[in-house]
């Protein structure tokens, strides 16, 4: 009897390491793996630990990052530590880990007792039944669970990169909104001065009613534009506060006075597409999903003819008190259910996963090409504003001032030239914002930081977006946060 059960015992013992392995992957280890993946793709550390945003160590780190001027790197760092949606996202790792542990466990054996009564007395039968099919499929189920866990790990890391990109987008939009708000205030001051002058001249009889109404209308429109710019800046701050996960006094952070300088040379286009296919985490997650479905199809086909394989041991006592014992085998007959529907559904899921993976690869290439095109166009626009448009606006203002001093043009022409210069600066701010948005989109499309990242020492050095010689605008653009 012992010899007949020896192969089964050896098979069970051989599976014990697999079962033990399912329980050795801790939540901290999974979170550390995701954190390292995110840090590698962002080119900056996440600062993650087992702590939560309510813990003192995290609070101190967030306060430290908020204590200085809020650069884009610090903003991303705070969000990675403090954003509650991100913390909820990390819980998916524990869910996937639990699924993997469950996939590596055998079904519990079934113990049964039967009482058989007859004319000769009562017989008692004991049975211990285990589904031996679980043992045969344990390794396959374990592999599928590991692949599913890897897919979840990659998907979570990719979602974290999405959060970092949202923070960067919002950050540079906020810088542009702050600059635009300051410039609209400059324009409002000029419009107010022009309207006041028009009122005095109209009262003196040297300016017609039509011209006075024109300046009053300009002042009203500029007042609305300045109010909208201020509201947009305030809304942008709150959007960034939400992404950072801050509230109360932590919302009183300050922005630097300028922008990171765009790099003089942009990365090439051709190598980036291939790099994206290698680096994109969502593409890797789709590939892992496809592998898991392929494994599920193979397992379903292998076990379609055997839905149950029960190995039992039975002990029976008759009415005389004599015992009989012996092994038993139970298996399901594939008469009605041969897993036809399940296999067909899995085949369809495999086809879906293949098409989704192939389409995402196409999308990745297209995203990279589109981002490269937008980056090149915005880089060219920023260069043209710096080298030609803004210097020409300065020249127009200087020439108008010279003509005004020579009494060849009136003060309204001088104010109009000043408004043109401020308008050119507003357009330059928008072009600079578009450049950094395109840069972020290319990094996201690539799945990794570009050679000149936004983080680190390069992000610490901000310069005023106005070219040299524009300091006479009258209103300092450098303002801090609200």
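What do you reckon, is residue 354 within 19 Å of residue 285 (Cβ to Cβ), assigned to a helix (DSSP H, G or I) and in contact (Cβ under 8 Å) with a residue 12 or more places away in the chain? Step through it out loud before you land on a result.
On the way: within 19 Å of residue 285 (Cβ to Cβ): yes; assigned to a helix (DSSP H, G or I): yes; in contact (Cβ under 8 Å) with a residue 12 or more places away in the chain: yes.
Considered against the rule, which asks whether it is within 19 Å of residue 285 (Cβ to Cβ), assigned to a helix (DSSP H, G or I) and in contact (Cβ under 8 Å) with a residue 12 or more places away in the chain, residue 354 comes out as yes.
Select from region 195-218 the residues that are surrounded by 18 or more Cβ atoms within 10 Å (Cβ to Cβ) and within 27 Å of residue 179 (Cβ to Cβ) and list them in ascending order.
Selection gives 195, 215, 218.
Which residue is nearest to residue 272 (Cα to Cα), if the candidates are limited to region 373-393 and must be more than 37 Å from the chain's Cα centre (by Cα) and surrounded by fewer than 18 Cβ atoms within 10 Å (Cβ to Cβ)? I'd like the intermediate steps shown before the answer.
Initial filter on region 373-393 (more than 37 Å from the chain's Cα centre (by Cα)): 388, 391-393.
Okay, now just the ones that are also surrounded by fewer than 18 Cβ atoms within 10 Å (Cβ to Cβ), so 388, 391-392.
Details: 388: 31, 391: 35, 392: 37 Å.
Looking at residues that are more than 37 Å from the chain's Cα centre (by Cα) and surrounded by fewer than 18 Cβ atoms within 10 Å (Cβ to Cβ), I get 388.
Taking region 43-87 on its own, how many of its residues are part of a helix (DSSP H, G or I) and at pLDDT 85 or above?
Of the residues in that region, 20 qualify.
If only one of 244, 255 is modelled with pLDDT of 85 or more and more than 30 Å from residue 387 (Cα to Cα), which one is it?
Values: 255 fails: more than 30 Å from residue 387 (Cα to Cα).
Of 244, 255, the one residue that is modelled with pLDDT of 85 or more and more than 30 Å from residue 387 (Cα to Cα) is 244.
When you look at residue 345, is it within 46 Å of the chain's Cα centre (by Cα) and either at positive phi or without any contact (Cβ under 8 Å) to a residue 24 or more places away in the chain (or both), yes or no?
Details: within 46 Å of the chain's Cα centre (by Cα): yes; either at positive phi or without any contact (Cβ under 8 Å) to a residue 24 or more places away in the chain (or both): yes.
Criteria met by residue 345.
For the list (1) modelled with pLDDT of 55 or more; (2) in a helix (DSSP H, G or I); (3) surrounded by fewer than 16 Cβ atoms within 10 Å (Cβ to Cβ); (4) out of contact with any helix residue (DSSP H, G or I) (no Cβ under 8 Å at 6 or more places or on another chain), I need the number of the one condition that residue 35 fails.
All conditions are met except number (3).
State all residues of region 252-274 that are within 22 Å of the chain's Cα centre (by Cα) and surrounded by 15 or more Cβ atoms within 10 Å (Cβ to Cβ); if no residue qualifies, say none.
We begin by selecting, within region 252-274, every residue within 22 Å of the chain's Cα centre (by Cα); these are 272-274.
Result: 272, 273.
Any residue in region 138-156 that is within 39 Å of the chain's Cα centre (by Cα), closer than 30 Å to residue 325 by Cα, assigned to a helix (DSSP H, G or I) and touching a residue at least 24 places away in the same chain (Cβ under 8 Å)?
Residues of region 138-156 that are within 39 Å of the chain's Cα centre (by Cα), as a first pass: 138-156.
Checking which are closer than 30 Å to residue 325 by Cα leaves us with 138.
Okay, now just the ones that are also assigned to a helix (DSSP H, G or I), so 138.
In the following step, the residues that additionally are touching a residue at least 24 places away in the same chain (Cβ under 8 Å) were identified as 138.
Checking region 138-156: at least one residue is within 39 Å of the chain's Cα centre (by Cα), closer than 30 Å to residue 325 by Cα, assigned to a helix (DSSP H, G or I) and touching a residue at least 24 places away in the same chain (Cβ under 8 Å).
Name, by its number, the condition in (1) surrounded by fewer than 17 Cβ atoms within 10 Å (Cβ to Cβ); (2) in contact (Cβ under 8 Å) with a residue 12 or more places away in the chain; (3) more than 30 Å from residue 97 (Cβ to Cβ) that does not hold for residue 173.
With (1) surrounded by fewer than 17 Cβ atoms within 10 Å (Cβ to Cβ); (2) in contact (Cβ under 8 Å) with a residue 12 or more places away in the chain; (3) more than 30 Å from residue 97 (Cβ to Cβ) applied to residue 173, the lone miss is (1).
If the requirement is being more than 23 Å from residue 195 (Cβ to Cβ) and either surrounded by fewer than 17 Cβ atoms within 10 Å (Cβ to Cβ) or touching a residue at least 12 places away in the same chain (Cβ under 8 Å) (or both), which of these qualifies: 402, 426?
Values: 426 fails: more than 23 Å from residue 195 (Cβ to Cβ).
Residue meeting the stated conditions: 402.
When you check residue 249 against the structure, is it on the phi < 0 side of the Ramachandran plot, assigned to a helix (DSSP H, G or I) and at pLDDT 90 or above, yes or no?
Values: on the phi < 0 side of the Ramachandran plot: yes; assigned to a helix (DSSP H, G or I): yes; at pLDDT 90 or above: no.
So residue 249 fails the test.
Just one of 389, 343, 362 is assigned to a helix (DSSP H, G or I), touching a helix residue (DSSP H, G or I) at 6+ places or on another chain (Cβ under 9 Å) and at pLDDT 90 or above; which is it?
Numbers: 343 fails: at pLDDT 90 or above; 362 fails: touching a helix residue (DSSP H, G or I) at 6+ places or on another chain (Cβ under 9 Å).
On inspection, the qualifying residue turns out to be 389.
The values are calculated or read from the model by the stated rules, or taken from the named source; none is laboratory data. These numbers were taken from a predicted model, which means no experiment stands behind them. So basically every Cβ, Gly included, is an ideal-geometry build from the backbone, and we count neighbours across all protein chains shown.
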